[in-house]
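The numbers here are math on the coordinates, done by the rules we state, and not lab data. If you're wondering where the values come from, they're calculated on a predicted model, not measured in any experiment. For neighbour counting, all protein chains shown are included, and Cβ atoms are generated from backbone atoms with ideal geometry for every residue, glycine included.
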Amino acid sequence: MPETLSDIWVYLAASPLLALTITLVVYQGAQWLYGRAGRPALLNPVLISVVCLVAILAATGTPYQTYFEGAQFIHFLLGPATVALAIPLYRQFEKVRRSAVAVLASLLLGSMTAMGTALGIGWLMGLDQVSLVSLAPKSVTAPVAMGIAEKLGGLPSLTAVFVILTGILGGALGPALLDRMKIGDPAARGFALGTASHGIGTAQALQESEVAGAFSGLAMGLNALATAILLPLIWSFFG
């Protein structure tokens, strides 16, 4: 049996269940802290979990690949979780159908705003073309955003960072911003969160209500499609 703390860690790290257990414990702890503190934006569970897990990996010298081998079951569940978003959408189908015109208008404006502000701010900051095209699809779910960036000559890994940061910030600050703007309609709140901050925003919307979650999931899917069509056109025109 290992005799030092370091040896114990090396021994435990060989078990794939360790990374999974740590991830679940950290997230549950972040959820508890979030609720205990009154759900402040800066204590978003995803943000706190990422910070804690990075700190643990850095402190123990554990390579990310080793961690991912153990936690990849959670990564696998992203697929079924995304498909499950169709359930609240199905239940709210009539409400979505009645709002079709507003949904399409909001989608177009939201998608163009997300891409336009990203390109505009990046240009003002003097980013090169590779960084700009990597930043532009930041409000789209990661697999689609990385594919778009790669096709246009960007760096998928850099895009993934921008997407994650956008999701965390949107999920953390979006509800408070919508409250300050006195936007209380759950459909409007959900669609805004899904358009701006994809999956993490949708998770936040689902915590508010099923209606918000349904519209957020719809926005996440439609914005991925709209950005995949519009961004190449915008990039070829201005590029």
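At a threshold of 8 angstrom on Cα-Cα distance, excluding pairs fewer than six apart, so keeping six or more, what relative contact order does the chain reach in percent?
17
Using only the Cα atoms of the range 11-87, build the gyration tensor, take square roots of its eigenvalues as a ≥ b ≥ c, and label the shape rounded, prolate or oblate: rounded if a/c is under 1.5, else prolate if a/b is larger than b/c, else oblate. Present the calculation step by step, with values, prior to reporting the outcome.
Values: a/c = 2.37, a/b = 1.19, b/c = 2.00.
The shape class here is oblate.
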Prolate/oblate/rounded label for the range 94-147 (Cα gyration tensor, a/c 1.5): oblate
Normalised alpha carbon radius of gyration of the range 191-239 [divisor 2.2 N^0.38 Å]: 1.33
Partners for LYS182 among lysines (Cα-Cα distance below 24 Å; same-chain residues under 8 apart left out): LYS95
Farthest toward positive dipole pole in the chain [+1 Lys/Arg, -1 Asp/Glu at C-beta], among LEU43, ALA226, ALA187: ALA187
Dimensions (Å) - the range 24-138, Cα atoms, principal axes, largest first: 52, 45, 32
Most to least packed among 22-28, 97-103, 166-172 [average Cβ atoms within 10 Å]: 166-172, 22-28, 97-103
Positive-end extreme of charge dipole, the range 94-239 - chosen from ALA118, ALA145, LEU108 (charges on Cβ): LEU108
The chain: calculated mean residue ellipticity at 222 nm from DSSP helix runs of at least 4, using -39500 (n - 2.57): -27500 deg cm²/dmol
Candidate lysines - alpha carbon under 17 Å from LYS151, same-chain residues fewer than 8 apart omitted: LYS138
